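Report on the structure given below.
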Amino acid sequence: MANTMDVKVPDIGNYADVPVIEVLVAEGESVEAEQPLIVLESDKATLEVPAPAAGVVHGIKIKVGDKVSEGHAVCTLELAGEAEAAPAEPARPAAAPAAVAEAPTPAPEAPAAATPPVSAPAAAPASGATSTLDVRVPDIGNYSDVPVIEVLVADGDAVEAEQPLIVLESDKATLEVPAPAAGIVRGLKVKAGDKLSEGNPICSLETTATADATPAAPAPAAAPPVAAAAKPSTESQPWPVPGTPPLVDTQPIAPPPKPAGPEQVPYAGPATRKFARELGVDLAQVPGTGPRGRILVEDVQTFVKNRMTQPATTTSAAAGGSGIPPIPAIDFSKFGPIESKPLARIRKLSAQFLHRSWVNVPHVTQTDEADITELEAFRKSMSQELVASGGPKLTVLPFLIKAVAVAMRTYPEFNASLAPDGESLIMKGYCNIGFAADTPNGLVVPVIKDVWNKGIAQLAEESAALAKKARDGKLKPDEMQGGCFSISSLGGIGGSFFTPIVNAPEVGILGVSKAQMKPVWDGSAFQPRLMCPLSLSYDHRVIDGAYAARFIVHLGQLIGDLRRLAL
Ligand code: COA
């Protein structure tokens, strides 16, 4: 008859109701001794519960999301081979997570029922006197050479009792080793990457007696239940895998860990690592949202989800032959205080569009200066007249819109789009011009339709109305569609030349900066002229450099002498 063993959740220290984040085996599955069965994760530690012996899994009584405590039934194991004959390894008492404190002076009696020998409470020196404790790695089961993935304190740091000092991580569990008492850290002996075993020195703690000289209580987590410590071997072994540390009840208050560098392991529990491994995710690129920046399973999921949705912006980039390496995640908090501010919807959308254009379109920016001395004089006089008669205020923008539209008649490839297959140009028989509008929620591009058939006053009126709608967040979708060319006017703000990003599938965009009076040589003398910087970005797949240069020169002529617009 097959020998069976009921597998139960082992002693997990003072924890109760710990969520099951993963069930690693299925009904009928054969497992090796020590093969992980389930993964528990509290907010402080991750723990795999392994099979106490080789066998076949039956009657799984746990599912993801269950909350379990010590003794909770996991499954039954139909023991195989040797395990059937040989009694299972004696149960290990739960490892004592608190650092071993070697008190130079006799430590006061620990509450016997709650404190195993290895986790003696910190010594409490006489009131006001200081004393030094040597803090060592506690019993971490049969593990040795466990990598230190984080050192959370520095020499001279004041720590509270139970404050984590270092984090160890084996392939089975992550464990914070807390201070056994409050004190000042001295003579720190470990660094990230060191490999530690039980009894290895961590640091010294300079402790000061409290006013009432009460002996420091043992850290709660340092005291595995007596029952566990004294528990004999049973068929459901409480801690069947030698050295699997228990969940630790600590109070992580240290700053977020440093991002993974060449020498640094990303801060994540074994389950997260396993999950990341299965998906081929490099944890070094995953920002952690857990305590002190710990990477959680959900962080990996979010990371993957984000990557999967990126094709909307990068598939075409890939089509363009990019294969762009991601920008590494940086833990900015290590440089100073930070806060996370969600992006407005418009900003997120425009970020996508801009990125898409930037990676798809080979951009070239051609610059020039247009003489708008006459335009400005005309604009000012006309603006007064228009406003006096209840019309719109006249800015430079409607003149630019009209001039661009007229220039596009002469240079129709600026009024074209590349066909998706890249085999032809789609030439447009209409002219709609978009203009970038700065709004509190980000950049939007309202589109003025049919510019060829509109006068400057009408363009002024429509652009002002659309700009207002944009700022009020009231633009309708069709008011942002159908553009053939865009203008980004920063002239009201300042600056000179810049490189606007083509609003693909349009092929050109005109950046306009603040006009300034400049001395311009007229052949016999310098004349003060109002010169407006123009920056024309274009899609070099569609537009040749010479064509673009001719376009911008022509545009300058149109702006410089408005009579040309009537021709
Ligand atoms: N040179 C000198 N002065 C200029 C100018 C230029 N190129 N362009 C505008 N001005 C002047 C205007 O004539 C106006 O002057 P006035 O008050 O004496 O009449 C003043 O600057 C303010 O103009 P502005 O409010 O910018 O109106 P506009 O019609 O020129 O522009 C928008 C309207 C919507 C384009 C503008 O408000 C805006 O949002 N610009 C930002 C666009 C942007 O963010 N682009 C970046 C995209 S990446």
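Got at least one residue in region 434-456 being assigned to a loop (DSSP other than H, G, I, E, B), open to solvent by 50 Å² or more (accessible area, probe 1.4 Å) and under 27 Å from ALA549 (Cβ atoms)?
Our first condition is that a residue be assigned to a loop (DSSP other than H, G, I, E, B); within region 434-456, this holds for 436, 440-441, 445-446, 449-450, 454-455.
Going one step further and asking which of them are open to solvent by 50 Å² or more (accessible area, probe 1.4 Å), we end up with 440-441, 449-450.
Checking which are under 27 Å from ALA549 (Cβ atoms) leaves us with none.
Among the residues of region 434-456, not one is assigned to a loop (DSSP other than H, G, I, E, B), open to solvent by 50 Å² or more (accessible area, probe 1.4 Å) and under 27 Å from ALA549 (Cβ atoms), which makes the answer no.
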Notebook entry, point to check: Across region 431-479, what is the number of residues that are in contact with a Ser or Thr (Cβ under 9 Å, 6 or more places away or on another chain), within 11 Å of the ligand (Cβ to nearest atom) and of a type in the set (Val, Ile, Thr)?
Noted result: 2
Notebook entry, point to check: Out of curiosity, is GLY483 out of contact with any His (no Cβ under 8 Å at 6 or more places or on another chain), open to solvent by less than 70 Å² (accessible area, probe 1.4 Å), within 10 Å of the ligand (Cβ to nearest atom) and in the same structural domain as ALA436 (by TED's automatic domain parsing)?
Noted result: no
Note to self: Against the definition (in the same structural domain as SER30 (by TED's automatic domain parsing), charged (D, E, K, R) and modelled with pLDDT of 90 or more), how does GLU78 come out, yes or no?
What the structure shows: yes
Margin query: When you scan region 502-516, do you find a residue that is of a type in the set (Ser, Thr, Tyr) and near the ligand (Cβ under 9 Å from one of its atoms), even just one?
Written below: yes
Check: When region 333-347 is examined, which residues are found to be within 19 Å of ASN306 (Cβ to Cβ) and loosely packed, with under 12 Cβ neighbours inside 10 Å?
Finding: SER340, LYS341, PRO342, ARG345
Next item on the list: Answer yes or no as to whether PRO90 is closer than 30 Å to PRO138 by Cα, out of contact with any Leu (no Cβ under 7 Å at 6 or more places or on another chain) and either of a type outside the set (A, V, I, L, M) or at pLDDT below 70 (or both).
Entry: yes
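The rows are residues; the columns are (1) of a type outside the set (D, E, K, R); (2) under 27 Å from MET531 (Cβ atoms).
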| position | (1), (2) |
| --- | --- |
| CYS431 | yes, yes |
| ASP438 | no, yes |
| ILE448 | yes, yes |
| LYS469 | no, no |
| GLN481 | yes, no |
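Output yes when any residue across region 553-562 is within 11 Å of the ligand (Cβ to nearest atom) and either of a type in the set (A, V, I, L, M) or not assigned by TED's automatic domain parsing to the domain that holds THR410 (or both), and no when none is.
Scanning region 553-562, I find at least one residue that is within 11 Å of the ligand (Cβ to nearest atom) and either of a type in the set (A, V, I, L, M) or not assigned by TED's automatic domain parsing to the domain that holds THR410 (or both), so the answer is yes.
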Margin query: For region 164-196: of the residues being assigned to a strand (DSSP E or B) and among the acidic types (Asp, Glu), which is surrounded by the fewest Cβ atoms within 10 Å (Cβ to Cβ)?
Written below: GLU169
Notebook entry, point to check: Can you name the residue in region 490-521 that is open to solvent by less than 50 Å² (accessible area, probe 1.4 Å) and assigned to a strand (DSSP E or B) and, of all such residues, is farthest from LEU400 (Cα to Cα)?
Noted result: VAL520
Notebook entry, point to check: Among the residues of region 122-163, how many are modelled with pLDDT under 80, assigned to a loop (DSSP other than H, G, I, E, B) and in contact with a Leu (Cβ under 8 Å, 6 or more places away or on another chain)?
Noted result: 2
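Does PHE399 satisfy the condition of being within 15 Å of the ligand (Cβ to nearest atom), open to solvent by 90 Å² or more (accessible area, probe 1.4 Å), in the same structural domain as THR439 (by TED's automatic domain parsing) and of a type outside the set (Ser, Thr, Tyr)?
Spelling it out, it is not the case that PHE399 is within 15 Å of the ligand (Cβ to nearest atom), open to solvent by 90 Å² or more (accessible area, probe 1.4 Å), in the same structural domain as THR439 (by TED's automatic domain parsing) and of a type outside the set (Ser, Thr, Tyr).
The rows are residues; the columns are (1) open to solvent by less than 70 Å² (accessible area, probe 1.4 Å); (2) farther than 19 Å from GLN557 by Cβ; (3) in the same structural domain as GLY455 (by TED's automatic domain parsing); (4) more than 16 Å from the ligand (Cβ to nearest atom).
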site: VAL387; (1), (2), (3), (4): no, yes, yes, no
site: GLY391; (1), (2), (3), (4): yes, yes, yes, no
site: LEU394; (1), (2), (3), (4): yes, yes, yes, no
site: VAL406; (1), (2), (3), (4): yes, no, yes, yes
site: ARG409; (1), (2), (3), (4): no, no, yes, yes
site: GLU413; (1), (2), (3), (4): yes, no, yes, yes
site: LEU418; (1), (2), (3), (4): yes, yes, yes, yes
site: LEU425; (1), (2), (3), (4): yes, yes, yes, yes
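The values are calculated or read from the model by the stated rules, or taken from the named source; none is laboratory data. Owing to the predicted nature of the structure, the values given are computational and were not obtained by experimental measurement. Cβ atoms come from the backbone with ideal geometry, glycine included; neighbour counts cover every protein chain shown. Surface areas here come from the heavy atoms of the whole protein model, side chains and all, with no ligands, DNA or RNA. Shrake-Rupley method; radii C 1.70, N 1.55, O 1.52, S 1.80 Å.
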